[in-house]
DNA sequence: CCAAAAGTGTTAAAACTACACCCATGA
DNA sequence: TCATGGGTGTAGTTTTAACACTTTTGG
């Protein structure tokens, strides 16, 4: 399988920052490395890109192999190319990020507990390579994006409550939001469809479930959807 | 210089979309290709990444070599990885974009006219590879970005008038803006410093020149600057 | 004195913020 | 019946959008 090229070329990898909302906290999925370099240390899921796959395919494949997560919505984040970011040789990595688990999407179950784990974004361990930096950039992007785009929508499960959605926003933005104003605004967008069912999950009034109206979203997006917190 | 690796790896290139404002129109810089594939066709400036340089360095180098433009502000756009985007072999490209020339920055002069030329974004010729797509993505990004971030500021020349700035915004957004409201908003940001000089460039009232207050911008950006058209 | 772009305020409409109580359920 | 989170409207303030005339210069 060895290959010779006329000029040396950087190796190409993908890394994925998967965010999840666990009750209150925004968490990040990490994998414990088995091999050097940084053996035993925590790192983002990721690995080398094969010549017959796109970057997104590589990211999905590595995510599946290392964490069990399959078919989630990925967004390209940034391509990192610092010369010394990998001690072995020159490696350029394309980072992706994803947001999973609003409304009962149990993410823990799909990860192989032996090597994958979730950490609150505020309490990450020391990470391999420049992965701490990558997580920072992802977080920054997520926060920036959430303010003017209804993020999370592409990847929401079928039914969620407005409170869950509000908690997502509060966790990402790290700021409390007013319940009435949040509902007014988010319903005013016309992107949510009421479901027939309601969520009865405790000793309190059941909550209305909604789903995201993807078709309408696509239409509005083309005309320059405007949305803010 | 030939090199052998254990596994085949994609080649890595950079491509740059340079936008410029020429009076009314938003233009894109293109290079006529001398070598196959697509010899004789127009393409974005760009080329292979060397192992000892970062992507940004590669982009700057290629831009300098192919167009004479040096040291301009580049922003990473997206990394394109479609399997067949290059007919020769698997090539992944990291695209950058830049915006030059508000207020008398004469861009034409720095480009080697024999191979580089400007085209209005609405009238691009057929481009090599997937470069048409890359320009589309860049344009989309520029338009999206301009609405909530004071773009262009990092790369503005020392002195510019509010009308020039407004024209930039109008060209990028392809929509007319109200002069009074634009001025109110942009001055209200507190990011512009009046210069002593005024621009006397015609038989009409001279225009006040401003420069961008980069320090203040950096401060505000950290606190989550809010800006909209 | 004419042409051309620079510069300047006000008003009505819309959007945003702050805020407090009743509702439906399970225990 | 109590605890828990779900759900709802209004009023004051701020922000936005629309709009027209005067100023300064060069020819």
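The values are calculated or read from the model by the stated rules, or taken from the named source; none is laboratory data. Since this is a predicted model, take the numbers as computed values, not measurements. We place every Cβ from the backbone using ideal geometry, glycine too, and count neighbours over all the protein chains shown.
Being more than 14 Å from the chain's Cα centre (by Cα), at positive phi and modelled with pLDDT under 90 narrows it down to one residue among A:103, A:109, A:158, A:113; which is it? Please lay out each step first, then the result.
Numbers: A:109 fails: at positive phi; A:158 fails: at positive phi; A:113 fails: at positive phi.
Only one candidate qualifies: A:103.
Test residue B:149 against the stated conditions and say whether it is within 16 Å of DNA strand D (Cβ to nearest atom) and touching a helix residue (DSSP H, G or I) at 6+ places or on another chain (Cβ under 7 Å). Steps first, answer last, please.
Details: within 16 Å of DNA strand D (Cβ to nearest atom): yes; touching a helix residue (DSSP H, G or I) at 6+ places or on another chain (Cβ under 7 Å): no.
Criteria not met by residue B:149.
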query: Does the stretch B:161-172 contain at least one residue that is at pLDDT 90 or above, more than 21 Å from residue A:148 (Cα to Cα) and within 11 Å of DNA strand D (Cβ to nearest atom)?
result: no
task: Residue by residue through the stretch A:2-30, note down the ones that are surrounded by 15 or more Cβ atoms within 10 Å (Cβ to Cβ) and over 15 Å from the mean Cα position of the chain (by Cα).
output: A:5, A:8, A:9, A:10, A:11, A:12, A:13
message: Step by step: first the residues of the stretch B:173-192, then only those that are within 21 Å of residue B:158 (Cα to Cα) and in contact with a helix residue (DSSP H, G or I) (Cβ under 9 Å, 6 or more places away or on another chain), then the one that is farthest from DNA strand D (Cβ to nearest atom). Which residue is that?
response: B:192
query: Any idea which of (1) in a loop (DSSP other than H, G, I, E, B); (2) within 14 Å of chain B (Cβ to nearest Cβ) is the one residue A:13 doesn't satisfy?
result: (1)
message: If I ask for residues that are within 14 Å of chain A (Cβ to nearest Cβ), over 16 Å from residue A:52 (Cβ atoms) and free of Cβ contacts under 8 Å to residues at least 24 places away in the same chain, which ones from the stretch B:71-95 would you list?
response: B:75, B:76, B:79
query: Which residues, taken from the stretch A:188-206, are more than 10 Å from DNA strand C (Cβ to nearest atom) and touching a strand residue (DSSP E or B) at 6+ places or on another chain (Cβ under 9 Å)?
result: A:191, A:192, A:193, A:194, A:195, A:196, A:197, A:199
field: Selection count where residues are away from chain A (no Cβ under 13 Å) and part of a strand (DSSP E or B), scope the stretch B:37-70
entry: 3
- prompt: Looking only at the stretch A:203-229, which residues are surrounded by fewer than 12 Cβ atoms within 10 Å (Cβ to Cβ) and at positive phi?
  reply: A:224
- prompt: Looking at (1) in contact with a strand residue (DSSP E or B) (Cβ under 7 Å, 6 or more places away or on another chain); (2) more than 10 Å from DNA strand C (Cβ to nearest atom); (3) away from chain A (no Cβ under 14 Å), which is the one condition that is false for residue B:172?
  reply: (3)
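Is it fair to say residue B:64 is out of contact with any strand residue (DSSP E or B) (no Cβ under 8 Å at 6 or more places or on another chain) and crowded, with 19+ Cβ neighbours inside 10 Å? Can you show your working first?
Details: out of contact with any strand residue (DSSP E or B) (no Cβ under 8 Å at 6 or more places or on another chain): yes; crowded, with 19+ Cβ neighbours inside 10 Å: no.
Here the answer is no, as residue B:64 does not meet what is asked.
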- prompt: Looking at the stretch B:78-98, is at least one residue surrounded by fewer than 17 Cβ atoms within 10 Å (Cβ to Cβ), closer than 20 Å to residue B:145 by Cα and touching a helix residue (DSSP H, G or I) at 6+ places or on another chain (Cβ under 9 Å)?
  reply: no
